[in-house]
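Structure, as structure tokens:
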């Protein structure tokens, strides 16, 4: 076999062999790679790896319930006077930390004190205004009772959620941070006024609150009202 037959090249009009073009070299290299005895083995290994990754991803999705609509929240404590009167003094502002029995305001001759330690979330900042016994002068939360509360549609895994399950969650304010918690309770009744309609058959789908507790001392950056997402492990 001649050199030209072996390489597949053709001599020009002067009898000289023209060098292979870039495209020809690439084609030849590709053929050599495909004909290499390890090529098929490597291809099989790659397919197996992709398949295993797909299986692991699917199993991971099936092992937890994703809850998109969640929020950091705590029960609001409304502090009201025992009798009607004018607001004479306000000693706190929104965001102030307070201690139990700390004086927060004065209505007439009555002193309004904090019933527990926490953070002020609202004040009736109108000195001289007359308020009744039903009017909150100061609102606050007990930060020890901060929880993540998620809204779960009844057909989106609600039947598989129960107290004690491990939970991971994130907050929009710190998207790169991940937090841990535990399912504390599942609401026994649907949220009032919240009705979701299924697009397929227009049936009403109720939403239920799932409350998750976490170590509030470990995550002091989490604040009342922050939006969150959580994953509940089955």
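Brief remarks on what is shown
- Condition check for residue 119: more than 30 Å from residue 109 (Cβ to Cβ) and touching a helix residue (DSSP H, G or I) at 6+ places or on another chain (Cβ under 9 Å): no
- Selection count where residues are touching a residue at least 60 places away in the same chain (Cβ under 8 Å) and not in a strand (DSSP E or B), scope the range 160-171: 3
- Checked across the range 140-153, the condition of being surrounded by fewer than 20 Cβ atoms within 10 Å (Cβ to Cβ), assigned to a loop (DSSP other than H, G, I, E, B) and at pLDDT 95 or above holds for at least one residue.
- Taking the numbered list (1) surrounded by fewer than 18 Cβ atoms within 10 Å (Cβ to Cβ); (2) touching a strand residue (DSSP E or B) at 6+ places or on another chain (Cβ under 9 Å); (3) in contact (Cβ under 8 Å) with a residue 12 or more places away in the chain in turn, residue 174 passes all entries but (2).
- With respect to the conditions (1) modelled with pLDDT of 95 or more; (2) not in a loop (DSSP other than H, G, I, E, B), residue 215 falls short on a single one, namely (2).
- Residue match in the range 78-93 (condition: at positive phi, at pLDDT 95 or above and in contact with a strand residue (DSSP E or B) (Cβ under 8 Å, 6 or more places away or on another chain)): no
- Test: residue 207 is surrounded by 11 or more Cβ atoms within 10 Å (Cβ to Cβ), modelled with pLDDT under 95 and either part of a strand (DSSP E or B) or touching a helix residue (DSSP H, G or I) at 6+ places or on another chain (Cβ under 9 Å) (or both): yes
- Residue that is farthest from the chain's Cα centre (by Cα) [pool: residues in the range 60-106 that are in a loop (DSSP other than H, G, I, E, B) and under 20 Å from residue 214 (Cβ atoms)]: 75
- Criterion: touching a residue at least 40 places away in the same chain (Cβ under 8 Å), on the phi > 0 side of the Ramachandran plot and not assigned by TED's automatic domain parsing to the domain that holds residue 182 - qualifying residue of 157, 128, 108: 128
The values are calculated or read from the model by the stated rules, or taken from the named source; none is laboratory data. Keep in mind the model is a prediction, meaning the values are calculated, not measured. Methodologically, a virtual Cβ is constructed for each residue, glycine included, from the backbone with ideal geometry; neighbour enumeration extends over all protein chains shown.
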